[in-house]
1. For the stretch 230-286, what percent of Cα pairs sit more than 19 Å apart?
2. Show me the ranking of peptides 127-140, 554-567 by mean Cβ neighbours inside 10 Å, starting with the highest.
3. Give me the percent of accessible area attributable to carbon and sulfur for the chain, probe 1.4 angstrom.
4. Could you list, in their original order, any pairs among K133/K406; K355/K555; K223/K616; K355/K443; K353/K469 whose Cα atoms are separated by more than 25 Å?
5. Subtract the Cα-Cα distance of E241 and S637 from 0.36 nm times their separation in residues, and report this length gain in nm to one decimal.
6. Using alpha-carbon pairs under 8 Å, 6+ residues apart, how would you state the relative contact order of the stretch 1-77 in percent?
7. Net charge within 9 Å of E439 by Cβ-Cβ distance, Lys/Arg positive one each and Asp/Glu negative one each, not counting E439 itself?
8. 7 Å from Cα along Cα→Cβ at both L652 and V819: what's the point-to-point distance in nm?
Amino acid sequence: MYKKHIRPEDHVGYTTPYSLFDPLSEEERTDIDEGSMVFQARHPGVRIFPDPFVTRNETDGPFFLRDLLIVSGTDAFTKKVAEAISRAISEKWGMQLPILAADNSQISLDTSAPLLIIGGAESNPLSLEIARKYQVGLFCANFPGKGGWGLTTYWKLAEGCPPRYLLSCDEETLKPAVHAFLQAGVGETDERLLRWVHQVSAGRMEYGLEASFDTWISANRHKYPLLKDWLDSGRTQPYREVFNAFFHQDFSESLPYNATLIDIGIDALRYYQFTGDEKGLDLFREMMWGFWDYLNSDDPRVYISDMDFRIGNICNRWNWIEASPLIAPEERRIFPNLLLGSLRIVKDYFHHKWKTKPGPHNHQTFKARSLILGWRYFKNWDLPDLDSWKADADGVFEPIDPRAFKHLENAGTYEVFIPEHTLVWMEATDRTLTPEGRESLVKFAQREWAMRDTFLYALDYGDCDPEMKPNRPLEISPWLTRESEAEAELLDMELAGSERFPFEFPPPIKSFPSITVGRPGLSSNGPVGWMRLPLDPLLERNYPLTGDRELRFDKLAWRGAWEPEAVYLALEGFGNRTVSHSHNEGNGIIRLNLAGRIWLVSNGYGRLPGIIDAAKAYRTRQVGPEEHNMLIVRNSSGEVVVPPVNALLHDLATGPLPFAVSELSDYGGLRWRRHLFLLPDSGLLVIDHVESHHTESSAVELQWNILGQKEEAVRGARFEQSGQTLLCDHFGTAEPIWEPSRITAWCNAIGEGHYPHTQASPTHCILRYGQSQLAPGESHYFVNGFWLDGTVRSWEWDSATKVCSLECRNLPDEMESSVHRPWGDISLNMQRLTIAFR
């Protein structure tokens, strides 16, 4: 049943149901039989789904073993493997196949002969180029790992490109890898035709791939909340039916976020990529059939949530799997038409909702990425859309300043998208990364690494939920050299990190798989101490700024070491809701880790509990300053919004006692100066000085979000996490108000068991100024301590003299030091710390 795409201006979005297609007129239905040229002449701009005029201009072979070139890597072992394969082919079929090195000027991915590429991205430049250029690379130093081997095929990377086989193994798996190519990659006919083959045997490293597909998919039920009942039932209903049953519900009351229904299929295909288990491929095919059935139903009325985030990646993966003998001829005919129709929907949605908005923004670059990957997949088809897809993608990416290392978004989840998508576009359009582009990538990656805590968990600042597993930064080593000290340091960090990040499939919306270039084995991940992350000067121009430019900062982090037991602290310097996806938490503490535990947390995405409707959940989310670790100011106009980029770094020091002083110089007529003192192996002392320059009184309070099982203490409270106890104490406020956190992100993370050290939901603490209102000209000190139980013997605060003193057991007896600053004096005398404010 044919129908036509709606006009671009009729697109609404993914939070409201609306018809995706219009019925054809009687004249349009009749003119289909006249062919494409006649139809387009009579009905210009009308596009039909499914498109009856799609034609393909290519043939896929046959390809012969006799034409194969074996390409070794740059190391001795890949040359040994190449020789073993050449010898086996000679012994079995009497053919003498040439062996060339990957750095040979006669060899490239565009070579007209079939290639057998030996070695992963760490040892063969052609393997690295496939991973970088086509985002379907698989093998590297980290996978398939020790005792593992893998063989896969790229049948048509580009127009007219014959097969490229990738083979990776080690000494103990050389024989089965060679045998796999001879058995599965070469047909036993007189002509010895090459065949598509994909076989993987993961090694002994900790991949989590040893589980069966059924165990793996069931263990991932938390990723697919809409499909939990189906997973728990043992998937008794065909997924194709589940997909359609869901979308034919009544969504007039609420429309949940539903990208899960596509994501599970993408995840399953990646499971097949990394394991060779055909059950993963089967679920992907079921998803594609369900998607096809839905768009072909009578009146599909849901633009699948963020479909434009995913379609380009599906084009990439379909291009890899399409030639597999496991794909049915009907699927090779139908699924490209499904992708074509989806890309046309994405293009129209982009034109109506996002093309004219200020950018770059991830909703623009996601759509542009899908269009450029769709352009590359369909480039050798006879389609009228191709030029416009490329023009739209170029129109998004070409204006991006290569010097920029942060764009319009301030959120741990979102910041990665534009750099990643820009790399995809550059590779798809054969552009070369410039030196200044590489320098910007390095600055971006440095922020990514700084925003990983001692567990290498990504921090949830701005709109993003907490990650309860080591979260890989965007790995940029495939584009780096060792020409600069910063690039060399990042290369070493990525290599070292590869041993600490467990293997995982890239998320469905992520382009690049985790590719480790080089051999891991370094003892340290990177720098320790303070990391002051600069604010991108190009981004500063978008906001009304105050204060000295050299004092502004994006983020501030302290790292005692790269081990879970070390101290980690992160402070927000750019938190204001006018910044896309940001929260109002400038000068707020994002994370505090001590003794292998997370204690202070931000509020994640900020969604409130019990709200299923996607649009309402987004509109009502708590974006601060409530539920963040920071000062709240209220005056006659209500709750004051944190000023943009007004967090100034007033002072920073390491010494025997690391400390940092930052401030908001005009926060609703108040100056809020935050003093952070890190007590070695003990905890954190926070002293907040609030001074009013306002013409009216203001109510001020501090709020904290703390993890652990709460117990009452003499003053303040104690929080226990599986053998570690944190004492939270305070001076200078009224009695604290303790209440459960209302934010679902951390509550869900705890409730679902993703954080192993406590089952208690976060506790929200409110500490109000004792006199209720801070009058004009008045100032006040909030004094708060967070330290491990038993590490601080005693502490006190004298509000009259503005002196804080404490005895800390973890300070070395011989340590003596004094520091003098315009704001006060710090002295360390034996195990006693004294801080006197001026």
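The values are calculated or read from the model by the stated rules, or taken from the named source; none is laboratory data. Quick caveat, the model's predicted, so the values are computed rather than measured. Here Cβ is always computed from backbone atoms with ideal geometry, including for glycine, and neighbour counts include all displayed protein chains. Accessible surface areas use protein heavy atoms only, side chains included; no ligands, DNA or RNA. Shrake-Rupley method; radii C 1.70, N 1.55, O 1.52, S 1.80 Å.
1. 35 percent
2. The peptides rank, most packed first, as 127-140, 554-567.
3. 49 percent
4. On the way: K133/K406 23 Å; K355/K555 31 Å; K223/K616 21 Å; K355/K443 28 Å; K353/K469 35 Å.
Violating the 25 Å Cα-Cα cut-off are K355/K555; K355/K443; K353/K469.
5. Working: separation 396, 0.36 × 396 = 142.56 nm, distance 5.35 nm.
So the chain would gain 137.2 nm between E241 and S637.
6. Values: 45 pairs, mean separation 25.1, N = 77.
Once divided by the residue count of the stretch 1-77, the mean separation gives 33 percent.
7. Residues close to E439 contribute a combined charge of +1.
8. About 1.3 nm, to one decimal.
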